[in-house]
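Step one of this worksheet: look at the structure below.
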Amino acid sequence: MRWTRKALSSRWVSGAATLALALLATSCASGVASEPAAPAVAPESPVEGRAEPVPLPIEPSPTLAAPGGVDLDTVRAGEFDFGRMWTFEYPPTEYLRNAYGFAPDSSWYRKAMLGALRIPGCSASFVSPNGLVLTNHHCARDHVTTITREGETLLDDGFYAETLDEERFIEDFQADRLIDIEDVTDEVYAALEGIEDDAARSQAREEKLEEIEQRILAEHGGEGAGVVVEMISLYNGGRYSAYVLRRYTDTRMVLVPELQIGYFGGDPDNFTYPRYNLDFSFLRIYEDGEPLDTSDDYFRWSQAGVSGGDIVFVVGNPGSTSRLQTVSELEFRRDVSDRGVLDFIDSRVAVLQAFYEEDPGAAEALDLRNTVFSMLNSQKAYRGILKGLHDPIIMAKRQDAEDEFLEDLKKDPALWEQYGELVDLMAEVQERKRAVAPGFAAFLGLSSPDLGSATLVRALYAFQYLAAQSRGASEDDLTELKEGFLGVPQQPLPLEEALVQARLQDLVNAYGRDHVMVEQILGGRSPEGAASVIVSTSLLADSTRAAQALEGGTLMMNDPAIEAFTGMLQGLGPFQQTAFSLSTQEEEIGAALGRARFEIYGTARPPDATFSLRIADGVVKGYEYNGTIAPIYTTFYGLYDHYYSYGQGEGAGTEWDLPQRWLAPPETFDLSTPLNFVATADIIGGNSGSPVVNLDLDVVGLVFDGNIESLPGDYIFQTEVPRTVAVDVRGIVEALEEIYQAERIVEELTTRVPASH
């Protein structure tokens with residue numbers, strides 16, 4: 001297909017897509033990419049008060065000035081700016097041979113693949129012959145609340161099953177193990193031959209991918225065989241692979257430390273190093289009621305740990321990167337979409353924290369503590385992402401890489417004829433998206449069950465239900481909308497009012513107080529006043545009254561909440577019409593760009609992350625920071641130093657408090673044991689819980705974070721200062737032995753003795 005000017009679209013990328021597509025859950029395509037920065041003016045800590053969000057700029061930022069008189073024309077892209085997240089279907093053997101003198105064979109890759117797991121939102125790995133799984137504390141944290149029984153406070157106190165029989169089943173939890181990969185690129189593109197229309201190509205692609213998925217699933221025994229097939233798009237659709245995964249659904253909690261040790265340092269220490277964090281937990285996979293036999297494929301526990309200069313590998317499932325985006329796409333994120341996401345997160349964090357302080361009991365019942373922790377993580381991440389997008393050196397590197405790509409494309413006249421206009425076409429898309437820039441901030445998370453107003457979400461369903469009913473929609477369609485309406489959970493009214501106010505403030509910030517839509521919704525009131533009226537007068541503010549009104553046929557379009565939502569349609573409609581009309585076409589541009597890059601560079605440059613299994617290489621290495629040098633690893637001495645220096649002793653109520661059992665460790669507890677370490681491996685959100693292994697595939701660490709300098713890794717990989725931060729296996733064993741008296745786990749890790757009941 002030859003690309004013409006009409007091939008334009010709106011590829012929803014990075015974390016901006018995460019929230020922006022949660023608009024009309026029942027009628028529009030919406031999705032959350034996984035896991036997820038500082039604008040020119042950032043709010044202060046939301047703990048201290050609710051900062052007013054800064055109005056979203058529609059025009060591009062001015063030309064950025066280079067620091068220290070650097071001539072941006074001399075800045076060049078780095079060899080690994082596109083990263084080192086290698087896929088298992090395209091193993092980097094030749095690169096590893098050249099870089100390290102190490103050339104693993106197929107059995108090494110196979111063992112690495114089978115030892116790894118993907119769990120909800122995170123990565124994990126098998127670390128014993130008996131199905132024992134290692135992952136992060138923060139990857140298990142949400143599930144701690146689900147296994148907690150009456151009278152227990154496991155989130156604060158931790159959990160340890162002293163026997164197999166005491167290991168607790170985790171509901172609604174699955175673990176996926178990649179067992180086979182099939183390249184289906186040629187089959188997919190054969191189905192697209194001769195199709196010029198973008199929408200038709202997209203539909204044909206989806207139909208073919210579904211057909212391939214079902215065929216391969218049947219070849220592996222069908223759904224009843226405990227197997228799932230995922231169609232993985234690589235290079236933005238330049239290549240396609242079918243991943244066959246063995247899915248395990250019987251997972252049990254074995255050990256998880258206290259929140260204060262698993263999240264030591266809290267948000268202030270998040271994305272920093274040096275760190276002193278025992279962010280680990282142990283789970284176990286069962287099959288037919290017994291621990292899964294993993295004796296052939298697991299990562300052995302290292303006794304020696306790591307030393308400076310060691311070669312290491314991270315085997316995990318990085319969630320999403322956007323290193324193949326064009327510069328114009330990054331500029332749009334900088335000016336509009338990512339900026340809007342950060343403003344949204346800032347305001348909702350403030351709402352949730354304020355409610356938590358007002359009513360801790362109700363907040364705990366809603367599990368808001370975990371929600372706030374996740375939001376604070378996203379907030380800090382987006383500030384770092386945006387800071388990088390405002391960094392002229394980083395943007396100059398990306399521009400140089402793009403220029404290099406175009407020059408390489410010109411060397412082949414046939415490729416230039418086919419793909420030469422793509423970068424310009426993508427730039428045109430960004431300009432068309434800027435025409436509806438306010439919508440990227442005003443409607444984020446509109447149907448989110450956690451961050452949206454329950455009243456307004458019910459209004460969304462009610463509007464569609466009443467409109468469909470008036471058109472004579474089928475009973476099936478009405479039932480689906482009704483179920484969505486009735487499924488919206490009840491929120492405490494003070495929280496509900498604050499969330500409605502936040503949404504109305506979003507509209508004011510994005511469109512201005514004088515916009516006809518905003519004037520109609522507010523009716524001359526402030527966002528606070530309008531929110532108070534809506535929540536106090538709408539039937540939809542209470543789930544019971546709302547259900548009765550819907551069932552009894554007394555719910556009308558003149559309900560205040562429905563009227564507010566109807567008013568929003570004046571902005572939402574044009575925004576959706578423009579944005580979604582572009583999306584399919586831009587997806588095609590992205591796929592063509594990916595195919596062009598693959599034809600030029602092959603597998604020498606890895607594809608963007610897709611929450612599918614990757615292997616990333618690196619070395620254990622410190623770095624310069626803040627005028628000094630970050631150590632290769634930290635020790636328990638530093639943990640206690642932070643407790644006394646920042647926490648100021650027991651009961652101080654800070655992020656550096658220690659759990660009770662840590663306040664008087666036994667004399668045999670070795671404070672010099674390595675606790676956390678850093679390496680140059682390439683990671684991103686989704687890698688949390690990934691094992692760090694050595695050349696022998698012994699696990700030496702557990703990924704739990706990156707440093708603050710690593711946050712621009714979403715769109716560029718650098719090794720000078722960005723680092724992977726991991727828990728050292730020696731620190732885990734020391735804590736298991738001396739603090740938790742978890743001898744059976746230590747024995748299983750170190751001697752591989754089968755677990756017993």
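The table below gives the values:
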| quantity | calculated |
| --- | --- |
| Residue in segment 318-327 that is on the phi < 0 side of the Ramachandran plot, part of a helix (DSSP H, G or I) and among the hydrophobic types (A, V, I, L, M, F, W, C) present | yes |
| Selected residue (criterion: farthest from R432 (Cα to Cα)) from residues of segment 307-362 that are acidic (D, E) and open to solvent by less than 30 Å² (accessible area, probe 1.4 Å) | D346 |
| Number of positions in segment 300-334 that are under 17 Å from A609 (Cα atoms) and in contact with a strand residue (DSSP E or B) (Cβ under 6 Å, 6 or more places away or on another chain) | 6 |
| Residue in segment 195-203 that is within 21 Å of E586 (Cα to Cα), modelled with pLDDT under 95, open to solvent by 70 Å² or more (accessible area, probe 1.4 Å) and not in a helix (DSSP H, G or I) present | yes |
| Conditions (1) modelled with pLDDT of 95 or more; (2) open to solvent by less than 50 Å² (accessible area, probe 1.4 Å): number failed by E404 | (2) |
| Checklist (1) under 23 Å from the mean Cα position of the chain (by Cα); (2) open to solvent by 50 Å² or more (accessible area, probe 1.4 Å) applied to E206, failing item | (1) |
| The one condition in (1) open to solvent by 50 Å² or more (accessible area, probe 1.4 Å); (2) more than 29 Å from T680 (Cα to Cα) that G571 fails to fulfil | (1) |
| Considering residues of segment 593-634 that are of a type in the set (S, T, Y) and open to solvent by 30 Å² or more (accessible area, probe 1.4 Å) only, the residue nearest to the chain's Cα centre (by Cα) | T610 |
| Meets criteria (open to solvent by 20 Å² or more (accessible area, probe 1.4 Å) and touching a helix residue (DSSP H, G or I) at 6+ places or on another chain (Cβ under 6 Å)) for S378 | yes |
| Unmet requirement for Q585, which otherwise passes all of (1) touching an Asp or Glu at 6+ places or on another chain (Cβ under 7 Å); (2) open to solvent by less than 40 Å² (accessible area, probe 1.4 Å) | (2) |
| Condition met for D696 (in contact with a strand residue (DSSP E or B) (Cβ under 6 Å, 6 or more places away or on another chain) and assigned to a loop (DSSP other than H, G, I, E, B)) | no |
| Some residue of segment 44-60 being basic (K, R), farther than 30 Å from M253 by Cα, at pLDDT 95 or above and assigned to a loop (DSSP other than H, G, I, E, B) | no |
| First in segment 579-603 and under 14 Å from E428 (Cα atoms), second anywhere and surrounded by fewer than 18 Cβ atoms within 10 Å (Cβ to Cβ), Cβ under 9 Å, 6 or more apart | L582/R432; S583/A29; Q585/K6; Q585/A199 |
| Test for L504: is it open to solvent by less than 10 Å² (accessible area, probe 1.4 Å) and at pLDDT 95 or above | yes |
| Pairs where the first residue, in segment 497-511, is within 19 Å of E358 (Cβ to Cβ) and the second is open to solvent by 20 Å² or more (accessible area, probe 1.4 Å) and hydrophobic (A, V, I, L, M, F, W, C), C-beta under 9 Å, 6+ apart | A498/A354 |
| Pair list, Cβ < 7 Å and 6+ apart or interchain, from segment 158-170 residues that are acidic (D, E) to residues that are modelled with pLDDT of 95 or more | E167/A161; E167/R252; E167/M253; E167/V254; E167/R284 |
| Residue under evaluation L451, criteria (1) part of a helix (DSSP H, G or I); (2) of a type outside the set (F, W, Y); (3) within 24 Å of the chain's Cα centre (by Cα), criterion not met | (1) |
| Counted residues, segment 543-563 - those being open to solvent by 50 Å² or more (accessible area, probe 1.4 Å) and either closer than 19 Å to P492 by Cα or assigned to a helix (DSSP H, G or I) (or both) | 6 |
| Residue match in segment 77-90 (condition: over 28 Å from the mean Cα position of the chain (by Cα) and either part of a helix (DSSP H, G or I) or over 19 Å from V312 (Cβ atoms) (or both)) | no |
| Residue in segment 383-397 that is at pLDDT 95 or above, out of contact with any helix residue (DSSP H, G or I) (no Cβ under 8 Å at 6 or more places or on another chain) and part of a helix (DSSP H, G or I) present | yes |
| Subset tally (residues that are open to solvent by 40 Å² or more (accessible area, probe 1.4 Å) and touching a helix residue (DSSP H, G or I) at 6+ places or on another chain (Cβ under 6 Å)) for segment 488-498 | 2 |
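Okay, residues lined up against (1) out of contact with any helix residue (DSSP H, G or I) (no Cβ under 6 Å at 6 or more places or on another chain); (2) part of a helix (DSSP H, G or I); (3) under 28 Å from R605 (Cα atoms):
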{"residue": "L96", "(1), (2), (3)": "yes, yes, yes"}
{"residue": "A103", "(1), (2), (3)": "no, no, yes"}
{"residue": "M113", "(1), (2), (3)": "yes, yes, yes"}
{"residue": "L117", "(1), (2), (3)": "yes, no, yes"}
{"residue": "S125", "(1), (2), (3)": "no, no, yes"}
{"residue": "N130", "(1), (2), (3)": "yes, no, no"}
{"residue": "C139", "(1), (2), (3)": "yes, yes, no"}
{"residue": "H143", "(1), (2), (3)": "yes, yes, no"}
{"residue": "G151", "(1), (2), (3)": "yes, no, no"}
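Conditions tested, residue by residue: (1) modelled with pLDDT under 95; (2) surrounded by fewer than 21 Cβ atoms within 10 Å (Cβ to Cβ).
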position	(1), (2)
Y643	yes, no
A652	yes, yes
L675	no, no
S690	no, no
N694	no, yes
S710	no, no
F717	no, no
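Results for (1) among the basic types (K, R); (2) buried (at least 21 other Cβ atoms within 10 Å of the Cβ); (3) not in a loop (DSSP other than H, G, I, E, B), shown as yes or no for each residue.
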residue	(1), (2), (3)
A462	no, yes, yes
L478	no, no, yes
K482	yes, no, yes
V500	no, yes, yes
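Each row is one residue, and each column tells you yes or no for (1) open to solvent by less than 10 Å² (accessible area, probe 1.4 Å); (2) over 25 Å from G689 (Cβ atoms); (3) assigned to a strand (DSSP E or B); (4) not charged (D, E, K, R).
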residue	(1), (2), (3), (4)
Q214	no, yes, no, yes
L217	no, yes, no, yes
V228	no, no, yes, yes
Y243	yes, no, yes, yes
R246	no, no, yes, no
M253	yes, no, yes, yes
Q260	no, no, no, yes
P268	no, no, no, yes
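The values are calculated or read from the model by the stated rules, or taken from the named source; none is laboratory data. Everything quoted here is computed from the prediction, not taken from an experiment. As a convention, Cβ positions derive from the backbone with ideal geometry for all residues, glycine included, and neighbour counts pool all protein chains shown. Just so you know, the surface numbers come from the protein's heavy atoms only, side chains and all, with ligands and any DNA or RNA stripped out. Shrake-Rupley method; radii C 1.70, N 1.55, O 1.52, S 1.80 Å.
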